[in-house]
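Student: Dumping the structure here so I can ask a few things about it.
The values are calculated or read from the model by the stated rules, or taken from the named source; none is laboratory data. The model shown is predicted, which means the values in this text are computed figures rather than measured ones. Cβ sites come from the backbone with ideal geometry, for glycine too, and all protein chains shown count toward neighbours. For the accessible areas, the whole protein counts, side chains as well, though only heavy atoms, and no ligand, DNA or RNA atoms are used. Shrake-Rupley method; radii C 1.70, N 1.55, O 1.52, S 1.80 Å.
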Amino acid sequence: MAEKSYEEEHPTKAFGWAARDQSGVLSPFKFSRRSTGEKDVRFKVLFCGICHSDLHMAKNEWGTSTYPLVPGHEIVGEVTEVGSKVEKFKVGDKVGVGCMVGSCHSCGSCNNDLENYCPKMILTYSTKYHDGTTTYGGYSDSMVTDEHFVVRIPDNLPLDAAAPLLCAGITVYSPLRFFNLDKPGMHVGVVGLGGLGHVAVKFAKAMGVKVTVISTSPKKKQEALEHLGADSFLVSRDQDEMQAAMGTMDGVIDTVSAMHPILPLISLLKTQGKLVLVGAPEKPLELPVFPLIMGRKIVGGSCIGGMKETQEMIDFAAKNNITADIEVISMDYVNTAMERLSKTDVRYRFVIDIGNTMKI
């Protein structure tokens with residue numbers, strides 16, 4: 001008789017890496033997942049992207065972290081069990097979970113497929129689930145999630161490079177759609193060429209939009225134009241370049257999370273143009289009102305997307321062969337990766353190979 005694996009002997013036991021305190025250092029951690037409920041999908045985690053949020057949360061830089069904290073909300077894997085009332089998934093399906101795992105299902109936002117704006121939205125890690133337990137993220141060997149918050153990953157998308165789309169991808173796809181910056185022939189600026197910015201360029205180009213990358217670093221010009229397919233490039237510190245581009249853009253997607261002036265970005269907009277912020281600087285930005293009034297311009301924000309739109313985004317990515325540019329790492333490299341991420345030393349997203357390198 002074959003010897004049973006650890007997972008078979010302990011069906012609710014899970015293994016991951018967790019931060020124990022504000023140092024943010026991650027180390028191996030054993031914990032329990034809930035049993036698979038009637039509407040739950042249990043899956044073996046194969047890959048998990050490292051989002052900048054994971055770094056902030058591991059160090060409690062936003063003041064909301066609870067320890068021990070298992071990060072990770074760009075999670076993909078293979079279904080191993082489904083509850084009796086699950087309708088959309090079966091064992092063996094390739095699936096993903098992004099930034100949220102629950103909501104109230106009854107508020108106006110939930111009723112309009114905007115679970116991401118539900119006041120009772122439950123984040124994938126470091127918050128309380130409906131049953132009062134703490135949620136743990138994807139730096140772990142398994143996940144158990146209500147099927148409503150599970151996304152199907154099309155077969156033609158490689159799982160490792162698809163993982164970051166569940167956060168970075170939907171974060172830029174949603175505002176392009178909602179703010180109507182997705183029409184062929186439009187001109188959209190993308191500020192910052194990092195984890196968010198590089199996929200914003202890819203999605204916008206696939207929508208038929210003219211894209212200008214705006215960056216403080218002239219070194220990224222060749223990368224933006226030749227590798228990512230942007231149409232033009234502006235160095236935001238070059239006043240002549242910025243002056244020449246004034247009033248030329250229908251919209252700007254600002255992915256930068258560091259402190260930076262937004263007046264130069266507002267100046268790039270045409271009349272009735274839209275500046276959409278998706279990066280989250282720790283301190284308030286200065287907002288000059290006069291340029292908004294004189295051009296009927298809009299400054300808005302956007303946070304991930306609802307589940308219907310997230311599936312739509314993944315399907316659009318599959319149809320247009322859009323994936324993140326990644327560096328695949330082993331689980332035991334994660335602390336080094338976090339240090340490198342803090343110095344923006346990654347092109348453009350770390351993805352942990354959980355399936356092959358998570359050791360119990």
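Student: Starting from the Cα coordinates of the chain, work out the convex hull volume and express it per residue in Å³.
Tutor: Spread over its residues, the Cα hull of the chain gives 139 Å³ apiece.
Student: Write down the accessible area per residue of segment 1-115 in Å², having rolled a 1.4 Å probe over the full set of protein chains.
Tutor: Accessible area per residue: 48 Å².
Student: Would you mind telling me the antiparallel percentage of the DSSP bridges in the chain, rounded to 5?
Tutor: Here the share of antiparallel DSSP bridges comes out near 55 percent.
Student: For segment 306-360, what is the charge dipole size about the Cα centre, in debye to the nearest 20, if Lys and Arg each add +1 at the Cβ and Asp and Glu each add -1 at the Cβ?
Tutor: My answer is approximately 40 debye.
Student: Ok, one more. Charges only on Cβ, +1 for Lys and Arg, -1 for Asp and Glu: so what's the dipole of the chain about the Cα centre, in debye to the nearest 20?
Tutor: Computed about the Cα centre, the dipole is about 600 debye.
Student: Out of VAL82, VAL299, SER232, whose Cα points farthest toward the positive end of the dipole of the chain (charges: +1 Lys, Arg; -1 Asp, Glu; placed on Cβ)?
Tutor: So the residue furthest toward the plus end is VAL299.
Student: Which percent of the accessible heavy-atom area of the chain goes to carbon and sulfur, probe 1.4 angstrom?
Tutor: Its accessible area is 52 percent carbon and sulfur atoms.
Student: Separate question: On a full-extension model of 0.36 nm per residue, what is the gain between GLU339 and LYS183, subtracting their alpha-carbon distance, rounded to one decimal in nm?
Tutor: That pair, GLU339 and LYS183, stretches by 52.3 nm at full extension.
Student: Work out the charge dipole of the chain with +1 on the Cβ of Lys and Arg and -1 on the Cβ of Asp and Glu about the Cα centre, then indicate which of VAL201, LEU165, LEU123 is farthest towards its positive end.
Tutor: VAL201
Student: Averaged per residue, what accessible surface does segment 168-301 expose to a 1.4 Å probe, in Å²?
Tutor: Per residue, segment 168-301 has 46 Å² of solvent-accessible surface.
Student: Moving on. On a C-alpha basis, how far is the centre of segment 59-131 from the centre of segment 232-253 in Å? Whole number, if you could?
Tutor: Answer, in whole Å: 38.
Student: When only DSSP loop residues count, what chymotrypsin sites (Phe, Trp or Tyr not before Pro) in segment 108-187 have their Cβ near at most 16 other Cβ atoms within 10 Å?
Tutor: Values: sites: TYR117, TYR125, TYR129, TYR136, TYR139, PHE149, TYR173, PHE178, PHE179; in loops: TYR125, TYR129, TYR136, TYR139, PHE179.
When the chymotrypsin sites (Phe, Trp or Tyr not before Pro) of segment 108-187 are filtered for loop state and at most 16 Cβ neighbours within 10 Å, TYR129 remain.
Student: Quick one: what are the phi-derived ³J(HN,Hα) couplings along segment 135-147, Karplus 6.51/-1.76/1.60 with θ = phi - 60°, whole Hz, x for glycine and proline?
Tutor: Couplings: 7, 10, x, x, 7, 8, 7, 8, 9, 10, 9, 3, 4 Hz.
Student: Local charge sum around SER53 (other residues, Cβ-Cβ under 15 Å, Lys/Arg +1, Asp/Glu -1)?
Tutor: Computed value for this residue: -2.
Student: How far is helix 195-206 tilted, in degrees, relative to the longest principal axis of the Cα atoms in the chain, given as a value from 0 to 90 rounded to the nearest 10?
Tutor: Tilt relative to the chain: about 70 degrees.
Student: Of the listed pairs LYS205/LYS270; LYS13/LYS90; LYS44/LYS205; LYS221/LYS270; LYS210/LYS274; LYS274/LYS308, which have alpha-carbon separations greater than 26 Å here?
Tutor: Numbers: LYS205/LYS270 20 Å; LYS13/LYS90 21 Å; LYS44/LYS205 34 Å; LYS221/LYS270 24 Å; LYS210/LYS274 15 Å; LYS274/LYS308 24 Å.
Listed pairs above 26 Å: LYS44/LYS205.
Student: Looking only at GluC sites (Glu not before Pro) in DSSP loops with at most 13 other Cβ atoms within 10 Å, what is the longest site-free stretch of the chain?
Tutor: My reading of the result: 88-281 is the longest stretch.
Student: Follow-up. Using the Kirkwood formula over every pair of different C-alpha atoms, what hydrodynamic radius in Å results for segment 289-345?
Tutor: 15.8 Å
Student: Between beta-carbons, use under 13 Å as the cut-off and find the net charge around CYS303, counting Lys and Arg +1, Asp and Glu -1.
Tutor: Counting the neighbours of CYS303, the net charge comes to -2.
Student: Where the only charges are on Cβ atoms (+1 Lys, Arg; -1 Asp, Glu), what is the dipole of segment 18-69 about its Cα centre, to the nearest 20 debye?
Tutor: With Lys and Arg at +1 and Asp and Glu at -1, about 280 debye.
Student: As I understand it, the dipole of the chain uses +1 on the Cβ of Lys and Arg and -1 on the Cβ of Asp and Glu, about the Cα centre. Which of PHE29, ILE266, GLY132 lies farthest toward its positive end?
Tutor: Result: ILE266, furthest along the dipole toward the positive end.
Student: Can you tell me the orientation of helix 307-319 relative to the chain, as the angle in degrees between its alpha-carbon axis and the longest Cα principal axis, to the nearest 10?
Tutor: 80 degrees
Student: Then there's this: From zero up to wherever the largest Cα-Cα distance of segment 168-301 sits, split into 5 Å bins and tell me the percent of pairs in each.
Tutor: Histogram of Cα-Cα distances, whole percents per bin: 2, 11, 23, 25, 23, 11, 3, 0.
Student: Using each residue's phi in segment 112-124, evaluate 6.51 cos²θ - 1.76 cosθ + 1.60 at θ = phi - 60° and report the 3J(HN,Hα) Karplus result to the nearest Hz, with x for Gly and Pro.
Tutor: 10, 6, 10, 4, 5, 10, 5, x, 10, 4, 9, 6, 5
Student: Where Lys and Arg each count +1 and Asp and Glu each count -1, what net charge lies around LYS183 among other residues with Cβ under 11 Å from its Cβ? Intermediate values should be presented prior to the final figure.
Tutor: On the way: positive: ARG177, LYS210; negative: ASP182, ASP250.
Net charge in that neighbourhood comes out at 0.
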